[in-house]
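The values are calculated or read from the model by the stated rules, or taken from the named source; none is laboratory data. Since this is a predicted model, take the numbers as computed values, not measurements. In this analysis, Cβ positions are derived from the backbone assuming ideal geometry, glycine residues included, and neighbour counts consider all displayed protein chains. We work out accessible area using only protein heavy atoms, side chains counted, and drop any ligands, DNA or RNA first. Shrake-Rupley method; radii C 1.70, N 1.55, O 1.52, S 1.80 Å.
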Amino acid sequence: MSYTVRSLHADEWPRAKALRLEALRDPVASIAFMETYGSAVARPDSYWQELSERRAEGASGAQQIIAEGPDGEWVGSVTVVMEEAGTTDWAGLPVERRQGHLVGVYVQPGHRGIGLTEVLFDAALEWAWAQGAERVRLLVHEDNARALRAYRKAGFVETGVTTTLGSAPDERELELAVERPDPESDL
């Protein structure tokens, strides 16, 4: 695979913005993301600059990992946000231990099915473990079968935790997680 997977640099905010807007036009965006293309495209450049700074290489609270294709085009991304034990997450769920939360997972259609999602996740997990995460989780809409398959293939398992989001109380988001590997298990 001739892709480069690395952390975002703060000055790359225009490319991060463009990739996010592209993701929000994906056919499953309505169940994959918590924002719409219309709301995202209306945000000022200052929003994208600040967001990129908070998620750039060297940041400790979040990290955006991007995948560059052989021609330098950005073809995928995932962001891991650290959540602290004793806090409440954005969905109102209690955070019981230091963990990473994967958000904004996107790979362009022409680059899906080749293992790129797993490579992005490996980089995100490595960063989260270096930040002291005890586990890394994500939420996925119960009807997003493609994403569920990819997440399970990458080693994420359902925890039994579900939540509803927004104005559709009959639709559920499922929590999947990966526990931090035991360093003793490698011996």
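Helical runs assigned H by DSSP (4 residues or longer) give the chain a calculated mean residue ellipticity at 222 nm of -8500 deg cm²/dmol, each run adding -39500 (n - 2.57) before division by the residue total. Each residue of the stretch 52-66 was assigned a 3J(HN,Hα) from its phi angle through the Karplus expression (A = 6.51, B = -1.76, C = 1.60, θ = phi - 60°), giving 5, 4, 5, 10, 7, 3, x, 6, 10, x, 6, 8, 9, 9, 10 Hz with x at Gly and Pro. Considering only ALA133, SER39, GLY104, and ranking their Cα positions along the charge dipole of the chain that arises from unit charges at the beta-carbon of Lys, Arg, Asp and Glu, the one farthest toward the positive end is SER39.
Modelled spin-label separation between ASP26 and ARG146, with each label point placed 7 Å from Cα along the Cα-to-Cβ direction: 0.7 nm.
Quick one: length gained pulling ASP122 to GLU57 fully straight, 0.36 nm per residue minus the C-alpha distance?
21.8 nm
Ranking VAL28, SER77, ALA177 by Cα position along the charge dipole of the chain, where only Lys, Arg, Asp and Glu carry charges on their C-beta atoms, puts VAL28 farthest toward the positive end.
If you sort the three axes of the alpha carbon gyration tensor as a ≥ b ≥ c, you get a/c under 1.5 for the chain, which makes it rounded.
What do you get for GluC sites (Glu not before Pro) in the stretch 133-168 restricted to DSSP loop and a cutoff of at most 13 other Cβ within 10 Å of the site's Cβ? Before the final figure, lay out each step's value.
Numbers: sites: GLU134, GLU142, GLU158; in loops: GLU134, GLU142.
Those that pass, being in a loop and sparsely packed, are GLU142.
Placing dummy labels 7 Å off each Cα toward the beta-carbon, the span from GLU179 to ASP89 is 1.8 nm. Checking the a/c ratio against 1.5 first, then a/b against b/c, what shape does the Cα gyration tensor give for the stretch 74-148? Since a/c reaches 1.5 but b/c is at least a/b, the shape of the stretch 74-148 is classed as oblate.
Highest average first, the peptides 92-100, 108-116 ordered by how many other beta carbon atoms sit within 10 Å of their residues are 92-100, 108-116.
Note that the chain presents 51 Å² accessible area per residue, ligands and nucleic acids not counted, probe 1.4 Å. Within the accessible area of the stretch 1-110, the carbon and sulfur atoms contribute 51%, probe 1.4 Å, all protein chains present. Take the Cα of GLN49, step 7 Å toward its Cβ, do the same at ALA130, and the gap between the two points is 2.7 nm.
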